[in-house]
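Just so it is clear, none of the values below were taken in a lab; they were calculated from the coordinates. Remember, it's a predicted structure, so these values are computed and weren't measured experimentally. Neighbour counts are summed over all protein chains in view; Cβ atoms, including those assigned to glycine, are modelled from backbone coordinates with ideal geometry.
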Amino acid sequence: GTRLISLLVQALKALGKDNIDDTIINKLKNDLTDKEKATALLEAKAATSWIYEFIKQICKGDEK
């Protein structure tokens, strides 16, 4: 899991805050397993705040 999370954070950083849209968020949401999402949420707390916000959207968006 951890390697995946660091790749996720790197990918979001590389895209940049202004270039991440719903399409990207939905793709990541579909690509990650529930277990990976849970791990991402725990590990992303140490990431930059805007990255953590996106990771929360990616990992938590389904409980509406």
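Here the simple spin-label model places points 7 Å from the Cα toward Cβ, and for A46 and K13 these points are separated by 1.3 nm.
FRET efficiency for the pair K35 and R3, taken as 1/(1 + (r/R0)^6) with r the Cβ-Cβ distance and R0 = 22 Å, rounds to 0.95.
Which entry in (i) 14.0, 46; (ii) 11.6, 37; (iii) 10.5, 29 matches Rg and Dmax of the Cα atoms in Å derived from the coordinates of this structure? So the structure-derived entry is (iii). Length gained on full extension, E53 to I24, computed as 0.36 nm times the residue gap minus the Cα-Cα distance: 9.0 nm. The number of Lys pairs in the chain with C-alpha atoms less than 16 Å apart, excluding pairs fewer than 8 positions apart on the same chain, is 18.
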